[in-house]
Amino acid sequence: MGYLVFARKWRPKSFDDVVGQEHIVSTLCRAIEKDRVAHAYIFTGTRGVGKTTTARILARALNCEKGPTITPCGDCEACKNILNGSGFDVQEIDGASNNRVEDIRKLREDVGYTSMSGKYRIFVIDEVHMLTTSAFNALLKTLEEPPPNVIFIFATTEPHKIPATIHSRCQRYDFRRVSAEQLAAHLAKICEAENISYDKSALMLVARKAEGSVRDSLSLLDQVCSFCKETLSEKEVRSVLGLVGTDVYRKLMKDIREKTAAPALESVQKILFDGYDLHEFVMGLQEHIRNLLFARIPGALEARGIDLEETEAAGFIEEAKDFIESDLLRMAEIVKKCEYELKWSAYPRFLVESVILKLLHLDSSVNIEQLLKFAAEGAGANELPGAAALATSSNEDVKKKLI
């Protein structure tokens, strides 16, 4: 047999293996234990979060020779057939290519056959939202009153396209996006099992790039393992995933702090020359500013667990000393707006350059109590940007001017 990719090799085989969906796993397990398994389910959520995988695990839990049980053995004939997709009692149907009324009529005929093992017949329809309106209508009666021991599981990424008449006949479970921290911890377990050396910061980059998808994170891990030599390092992972290096952002923030426009704009030219994507650059800048903001809050950076290596966290804490929280918050808002507008911009390079200039010319925030204190003392006005004219006024005048 050829090489088996991580996304298939490490696909969960039990409820305990499912990542980041504890609310769904616990509910299904209790339903099995209390013999309260419904006849129809809708599993919704973004790609790669475990909808179809959970459906297979539920099918094994119900049809296992030792079941129904929350811990299917994996060794009996029923479990093996479900794992390799050859079981008669569990059928997986692609809703995108079997979306006509004729396909549903055939399904209704199949529903009438009894289970070979005497337990459950389970029909898993993936991308069920692709069914036509007529196909949904043809399914209604069977869905409402199915034969005994028949269970339907519908998986979809677009639940709003499923008619309300179908929704009302099913139990709906919403699968969440998996957090970057959970993904990184899951990837770390896989690397240890595969004897792969890694840096935590490198795995965190892979986890963020996956955007909440377990399957995407495993595919990306496979990709970076093929590229990296001995250890999964942050530098190599950034290179293979097309992510801009931290040193670029550190230099840019230094130029912004020192208000040197030409070197700051050269950053955009450099990333374009090196072949990086502007959207990835802006997303990375958002993350860098976020790290600086957390570094300004005592204990916040450490509370993020495996997000950053100790040396990297120390670097952010040192860099953050040159900024104040309110300025970083304003910068974050400007960059966030840029990230949204970048999708529709006809000239994305100029948009990013103009945002960098906005950050560069951003006046430092002034605390009103601090400003009143300087005004009352009548000294040191030049130490606060924009405060020179206010420092010579009375407190009441300052308040009026500020209003």
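List, in the order given, every pair from 13/189; 34/80; 13/200; 259/358; 9/66; 34/66 whose Cα-Cα distance in the structure shown is over 20 Å.
Beyond 20 Å: 34/80; 13/200; 9/66.
What value, in deg cm²/dmol to 500, does the helix sum -39500 (n - 2.57) over DSSP H runs of n ≥ 4 give at 222 nm once divided by the residues of the chain?
One gets -16500 deg cm²/dmol as the mean residue ellipticity at 222 nm.
Going through the range 1-45, which chymotrypsin sites (Phe, Trp or Tyr not before Pro) have at most 12 other Cβ atoms within 10 Å and a DSSP loop state?
3
Taking only Cα atoms, what is the 0 to 90° angle, nearest 10, from helix 180-193's long axis to the longest principal axis of the chain?
With rounding to tens, the tilt is 60 degrees.
What size of dipole, in debye to the nearest 20, comes out for the range 1-73 about its Cα centre when the only charges are +1 on Lys and Arg C-beta atoms and -1 on Asp and Glu C-beta atoms?
For this selection, approximately 260 debye.
Write down the Å³ per residue value for the convex hull defined by the alpha carbon atoms of the range 171-216.
77
If one takes the longest principal axis of the Cα atoms in the chain, at what angle in degrees, from 0 to 90 and to the nearest 10, does the Cα axis of helix 310-320 lie?
So the inclination is approximately 40 degrees.
Give the shape of the chain as rounded, prolate or oblate, defined through the alpha-carbon gyration tensor: a ≥ b ≥ c are the square roots of its eigenvalues, a/c under 1.5 means rounded, and otherwise the shape is prolate if a/b is larger than b/c and oblate if not.
prolate
Quick check for you: with a 1.4 Å probe and neighbouring chains kept, what is the accessible area per residue of the chain, in Å²?
53
Answer with one residue from 269, 26, 178: the one whose Cα lies farthest towards the positive end of the charge dipole of the chain, charges on Cβ with Lys, Arg +1 and Asp, Glu -1.
The Cα lying farthest towards the positive end belongs to 26.
Could you check which residue among 262, 138, 78 shows the biggest mean-square fluctuation in a GNM of the chain with a 10 Å Cα cutoff?
With Cα springs under 10 Å in the chain, the top fluctuation among 262, 138, 78 is at 262.
Charges at C-beta only: +1 for Lys and Arg, -1 for Asp and Glu. How large is the resulting dipole of the chain about its Cα centre, in Debye rounded to 20?
Dipole of the chain, to the nearest 20 debye: 1120 debye.
Just going by the charge dipole of the chain, with Lys and Arg at +1 and Asp and Glu at -1 on Cβ, which of 279, 125, 150 is farthest out on the positive end?
Result: 150.
Between 0 and 90 degrees, rounded to the nearest ten: what's the tilt of helix 22-33 against the longest Cα principal axis of the chain?
20
Rank 324, 7, 43 by how far each Cα sits towards the positive end of the charge dipole of the chain (+1 on Lys, Arg Cβ; -1 on Asp, Glu Cβ) and give me just the farthest.
The residue sitting most towards the positive pole is 43.
What is the sum of charges around residue 196, taking Lys and Arg as +1, Asp and Glu as -1, for the other residues whose C-beta is under 14 Å from the C-beta of residue 196?
So the environment of residue 196 carries a net charge of -2.
Which cross-chain or sequence-distant (5 or more) residues have an amide H under 5 Å from the amide H of residue 198, H modelled 1.01 Å from N in plane?
Long-range HN contacts for residue 198: 232.
The values are calculated or read from the model by the stated rules, or taken from the named source; none is laboratory data. Every value quoted in this text rests on a predicted model; they were computed, and no experiment measured them. Methodologically, a virtual Cβ is constructed for each residue, glycine included, from the backbone with ideal geometry; neighbour enumeration extends over all protein chains shown. We work out accessible area using only protein heavy atoms, side chains counted, and drop any ligands, DNA or RNA first. Shrake-Rupley method; radii C 1.70, N 1.55, O 1.52, S 1.80 Å.
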